[in-house]
1. Can you tell me which of 18, 55, 94 is at pLDDT 80 or above and over 27 Å from residue 169 (Cβ atoms)?
2. Mind telling me which of the residues 146, 87 ends up being surrounded by fewer than 24 Cβ atoms within 10 Å (Cβ to Cβ) and within 16 Å of the ligand (Cβ to nearest atom)?
3. For segment 275-368, please list each of the helices (runs of 4 or more DSSP H) lying entirely inside it that holds at least 2 residues being in contact with a helix residue (DSSP H, G or I) (Cβ under 7 Å, 6 or more places away or on another chain) and either within 16 Å of the ligand (Cβ to nearest atom) or closer than 30 Å to residue 113 by Cβ (or both).
4. With surrounded by fewer than 16 Cβ atoms within 10 Å (Cβ to Cβ) and within 22 Å of residue 221 (Cβ to Cβ) as the only criterion, which of 623, 659 stands out?
5. Can residue 614 be described as more than 30 Å from residue 378 (Cβ to Cβ) and either touching a helix residue (DSSP H, G or I) at 6+ places or on another chain (Cβ under 8 Å) or surrounded by 17 or more Cβ atoms within 10 Å (Cβ to Cβ) (or both)?
6. What's the number of the only condition in (1) under 22 Å from residue 215 (Cα atoms); (2) touching a helix residue (DSSP H, G or I) at 6+ places or on another chain (Cβ under 8 Å); (3) within 15 Å of the ligand (Cβ to nearest atom) that residue 151 fails to meet?
7. Restricting segment 179-196 to residues that are within 16 Å of the ligand (Cβ to nearest atom) and within 12 Å of the chain's Cα centre (by Cα), which is farthest from residue 280 (Cα to Cα)?
8. Pairs only if they're at least six apart or on different chains, beta carbon under 6 angstrom, first in segment 99-115 and at positive phi, second away from the ligand (no atom under 15 Å from the Cβ) and assigned to a loop (DSSP other than H, G, I, E, B); list them, first residue then second.
Ligand code: BGC
């Protein structure tokens with residue numbers, strides 16, 4: 001959520017400010033037919049300079065001692081506030097985090113819970129853009145009902161490192177998947193009159209030292225990977241704002257990066273919206289000249305750069321006045337394009353319908369990684385031991401600014417303690433959705449007992465007496481910190497080992513924000529990746545285990561065997577004092593995850609795209625049906641006896657003799673037993689080619705494609721001879 005500048009508010013304490021709802025501001029009657037650009041230009045021309053400067057900088061209205069700024073009366077506790085211009089019908093801009101539900105920082109809005117979705121990786125694992133769109137709309141309805149008109153959603157940084165504490169918030173390692181899913185969620189959000197961001201632009205690939213870390217990658221590689229994810233997300237969702245990142249990129253701070261913001265985003269991509277900074281990511285007023293339009297949470301920076309210092313620079317002629325109008329117009333046009341100036345909808349929230357969205361995402365996002373014939377649980381099973389701390393109560397969630405206070409009852413919070421203001425983030429929050437209770441309800445004829453696993457030997461002794469053991473293991477991850485390894489914390493690997501030794505019929509449920517190593521994999525009969533499953537997660541997990549739901553999630557991130565072969569064996573900067581300048585090189589370039597593994601020939605523990613089902617599918621008859629745009633079709637069949645969902649995945653696997661791999665299309669299909677469906681995939685030229693000389697270039701040659709169930713489980717490749725083609729940036 002925030003980071004303090006050097007010398008900031010150490011030892012700060014929180015105190016309470018009560019939320020007062022923001023009154024809506026009606027749209028002026030004259031504005032009806034104007035397009036957003038014309039309207040933005042007209043309104044901007046009527047503003048005073050004070051109003052213009054007011055719009056380009058915001059505060060963080062969270063009452064934290066040590067941050068000296070007045071919070072205007074009536075402003076609720078939330079991430080961002082920018083004063084509007086009521087005389088021209090422009091409401092205050094009230095921003096809330098974010099993609100997994102409307103947040104309530106430190107629960108300071110007393111009693112204000114919101115529907116809590118599963119984590120971003122779970123959303124991505126659905127491979128279901130339509131569901132992501134529903135989820136985005138659901139969150140926006142809850143935002144609007146509270147008077148928020150900006151959602152700081154759209155987290156899309158690609159997973160370059162399985163230790164990144166924020167991977168759980170994002171959408172995995174593939175630019176097409178992440179871009180389509182983020183774009184769909186943003187479209188859903190903005191359909192409800194709430195502006196969405198896409199963030200954090202760009203290459204914010206780890207949390208440690210995030211404000212002093214220089215992420216290094218060459219331009220073509222950036223364009224073909226991380227930036228392509230943003231580009232697809234922006235084209236699909238048309239977010240009103242882009243949030244630039246904390247980190248440096250190739251030597252310059254992302255929020256003051258002329259190449260990134262002015263040249264690529266606003267120039268090459270013709271992005272019409274505004275760039276807002278991350279909270280505390282602005283170093284000086286010159287960032288304005290480099291493409292940053294708005295300083296967010298300005299009290300977290302060393303100065304309110306976009307106020308007096310910027311006024312002085314413009315007055316001295318160092319930055320043209322036209323740039324001020326440009327920044328303001330960008331903000332206004334996004335607000336108008338989305339309809340974020342409309343008064344909040346007074347219609348009550350349908351909590352039940354919203355909970356169903358969270359439940360559906362959890363059901364479709366849970367990934368069955370391994371199943372050695374024990375799942376689904378046989379209803380005739382006499383007794384089950386459920387092991388794992390808090391599995392009797394609920395499910396784990398990820399920490400940081402995206403942490404939602406769930407709507408379905410008081411969560412269980414385990415404080416981890418620590419010093420400084422960020423200690424407030426150090427708390428594991430379990431949402432009230434008991435997998436134990438849900439299993440008992442689904443298996444009425446089975447004795448289901450519980451052991452916390454606190455003493456592994458005791459749990460193992462009990463495990464011997466049961467027909468089946470289901471152990472929940474957790475790794476809490478979150479914003480501001482990374483994991484140093486792929487291990488489970490708190491001796492849980494040892495717990496699993498002891499349980500599996502005591503009872504070979506052991507199933508593991510993982511609640512993690514990233515891949516983990518699973519040294520016990522060979523000893524257990526099943527593994528379910530539940531991610532952080534949201535406020536309805538316990539039920540969804542139980543439904544998958546008991547077979548009420550046929551698992552259909554697919555991995556949006558590769559699970560490596562170890563860190564030994566990772567491009568960065570040690571996490572850059574690990575253990576160095578805060579605010580140390582750290583350089584992180586990304587030699588894998590556009591190819592994190594499976595795309596890198598395909599080039600090196602290494603096999604992962606579990607591949608991108610992998611996910612088992614209780615039925616069997618075939619993906620057959622892949623053919624090229626058109627060359628321009630390149631279009632392929634295939635047939636997906638359900639060969640088993642149960643209805644289920646399959647994700648058709650089409651990859652580019654070879655370009656002439658070059659070994660490479662890129663997901664070029666996917667589609668989730670629901671099939672009854674025996675049913676088959678033809679799937680058609682149109683391939684974006686950017687996924688075929690390379691970026692060079694300011695353009696996307698596709699060289700003439702033979703391109704081979706394969707379809708299948710994961711990046712390593714593919715049918716025979718099919719060739720397509722393509723002529724050279726190129727397109728603008
Ligand atoms: C995070 C952003 C978030 C912002 C406001 C920052 O620390 O990086 O993702 O939107 O805080 O809470």
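The values are calculated or read from the model by the stated rules, or taken from the named source; none is laboratory data. What you see is a predicted model, and the numbers here were worked out from it, not measured in a lab. Backbone-built Cβ (ideal geometry, glycine too); neighbour counts: all protein chains shown.
1. Details: 18 fails: at pLDDT 80 or above; 94 fails: over 27 Å from residue 169 (Cβ atoms).
Testing whether each residue is at pLDDT 80 or above and over 27 Å from residue 169 (Cβ atoms) leaves just 55.
2. On the way: 87 fails: within 16 Å of the ligand (Cβ to nearest atom).
After ruling out the rest, the residue left standing is 146.
3. Numbers: elements: 308-315, 321-338, 351-365.
Output list reads 351-365.
4. Numbers: 623 fails: within 22 Å of residue 221 (Cβ to Cβ).
The unique qualifying residue is 659.
5. Values: more than 30 Å from residue 378 (Cβ to Cβ): no; either touching a helix residue (DSSP H, G or I) at 6+ places or on another chain (Cβ under 8 Å) or surrounded by 17 or more Cβ atoms within 10 Å (Cβ to Cβ) (or both): yes.
It is false that residue 614 is more than 30 Å from residue 378 (Cβ to Cβ) and either touching a helix residue (DSSP H, G or I) at 6+ places or on another chain (Cβ under 8 Å) or surrounded by 17 or more Cβ atoms within 10 Å (Cβ to Cβ) (or both).
6. For residue 151, the exception is condition (1).
7. 185
8. Qualifying pairs under 6 Å: 101/115; 101/116; 101/117.
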